[in-house]
Amino acid sequence: MSARWGRRLGSVMLAGLLCAGAYALFNRPGETTLASYSTPLEGRTAAQRHNADLAMRKLDGAVIGPGEEFSFNTRVGTFSRDQGYRRAPVSYNGQLIDSWGGGVCQASTTLYNAALYGGMEILERHRHRFQPSYVPPGRDAAVAFHNIDLRFRNPHPFPVRLACRVEPQGLRVSLIAPRALEHRPEVVESVRQVTDPNVFRVGGEGRFSRVRNSGKQGYEVQVYRIWNGRRELISEDSYPVMHRIVETGP
């Protein structure tokens, strides 16, 4: 694993640490925090933060009964202008373009990881084409209304409520329930391969230089959930490398 990813992984893991006592403000009498996860907002644009906030507000308060299925797209709805969303950067075939609802995927990713730690049964989850910077490899959950969804089922004999907040440093999703799990799941990623991007320069000679694409590392990664004596393979993903493009000229 490269030093670059090691440093980034440290900050992302720190943001996602579970600490039930820190989330007591979400709990009502007779409730406890089943699981919680957060992702950092560092480097996100104002529009991306705005869109993530809208999605988090719609997720907040959802109650998933025993055996019930939860759908991100059904709960949140369209990521369109009439719903208050803004154009924000999204990755499309390796290029950043502005599209309605850019930033919503960070909300779905944060929820996905909370669901993993809360023992939810994952029914549908999709990776991004390239690995996002706000979560470890293999731990993202892309959404696009209406055909790319995040869905999971509550396997517990009690209801689970979503408590979703946007804080100064990041997004936080907590799963609130009448009682805690006897054993807390462990979620681990096994990075099998890391591919560093190359640098390509386009244009002519000169002092002018600008980065057209900052580049991203590529990964081969498996994610496991270890719980109640079982090691469950959650996902196996291959993220291509995105090369760095620098434009030069007079």
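Compute the angle between helix 46-59 and the longest alpha-carbon principal axis of the chain, please, reported from 0 to 90 degrees and rounded to the nearest 10.
20 degrees
Working with all protein chains in place, sort Val143, Val166 by solvent-accessible area computed with a 1.4 Å probe, largest first.
Order by accessible area, largest first: Val166, Val143.
In whole percent, and with a 1.4 Å probe on the protein chains, what portion of the accessible area of the chain is carbon and sulfur?
49 percent
Which log10 I(q)/I(0) values does segment 44-131 give at q = 0.11, 0.18, 0.22, 0.23 Å⁻¹ under the Debye formula, counting every alpha carbon as one identical point scatterer?
Values, matching the q order: -0.33, -0.84, -1.15, -1.22.
Arrange the peptides 218-226, 200-208 so that the one whose residues have, on average, the most other Cβ atoms within 10 Å appears first.
Put in order of decreasing packing, that is 218-226, 200-208.
Semi-axes of the equivalent ellipsoid for the chain, please: Cα gyration tensor eigenvalues, times 5, square-rooted, ordered largest first, whole Å.
34, 21, 16
Antiparallel versus total DSSP beta bridges in the chain: what percent is that, nearest 5?
So the antiparallel bridges in the chain amount to around 90 percent.
Starting from the Cα coordinates of segment 173-242, work out the convex hull volume and express it per residue in Å³.
Each residue corresponds to 122 Å³ of Cα convex hull volume.
Leaving out ligands and nucleic acids, note down the accessible area per residue over segment 24-88 with a 1.4 angstrom probe, in whole Å².
That works out to 49 Å² per residue.
With just the Cα atoms of segment 67-184, tell me how far they stretch along each of the three principal axes, in Å, largest first.
If we take the Cα atoms of segment 67-184, the spans are 45, 31, 30 Å.
Please list the non-local residues whose amide H lies under 5 Å from the amide H of Lys216, H modeled 1.01 Å from N, same-chain partners needing a gap of 5 or more.
Correct list: Met242, His243.
Measuring with a 1.4 Å probe in the full set of protein chains, what accessible area per residue, in whole Å², belongs to segment 184-250?
I get 63 Å² per residue for this part.
Going by alpha carbons, how many degrees (0 to 90, nearest 10) lie between the helix axis of 104-117 and the longest principal axis of the chain?
50 degrees
What is the angle, in °, between the Cα long axis of helix 3-15 and the longest principal axis of the Cα atoms in the chain? Nearest 10 is fine, range 0 to 90.
30 degrees
Provide the packing ranking of 180-193, 231-244, i.e. peptides ordered by the mean count of other C-beta atoms within 10 Å per residue, highest first.
231-244, 180-193
Could you calculate the FRET efficiency of Val63 with Arg192 from 1/(1 + (r/R0)^6), where r is the beta carbon distance between them and R0 is 35 Å, rounded to 0.05?
The pair Val63/Arg192 has a calculated efficiency of 0.35.
For a quick check of understanding: with a 1.4 angstrom probe and all protein chains in place, what accessible area in square angstrom does Trp227 have, to the nearest ten?
Its heavy atoms expose roughly 50 Å² to the probe.
Over segment 92-179, with the other protein chains present, what is the accessible area per residue in square angstrom, probe 1.4 angstrom?
Solvent-accessible surface per residue comes out at 36 Å².
What whole-number distance in Å separates the alpha-carbon centres of segment 79-148 and segment 159-223?
Segment 79-148 and segment 159-223 have Cα centres spaced 10 Å from each other.
Residues in segment 184-201, backbone N under 18 Å from the label point at Leu233 (7 Å along the Cα-to-beta-carbon vector): list them, ranges by number please.
Hits in segment 184-201 for Leu233 at 18 Å: 187-193.
What is the spin-label model distance, in nm, from Ser80 to Glu31 if the labels are put 7 Å beyond Cα along the C-beta direction?
That separation, rounded to one decimal, is 3.2 nm.
The values are calculated or read from the model by the stated rules, or taken from the named source; none is laboratory data. Only a predicted model underlies this, so the values are computations on that prediction, with no experimental measurement involved. Quick reminder, even Gly has a Cβ in these numbers, built from the backbone with ideal geometry, and neighbours come from all protein chains shown. These accessible areas exclude ligands, DNA and RNA; they are computed on the full protein's heavy atoms, side chains included. Shrake-Rupley method; radii C 1.70, N 1.55, O 1.52, S 1.80 Å.
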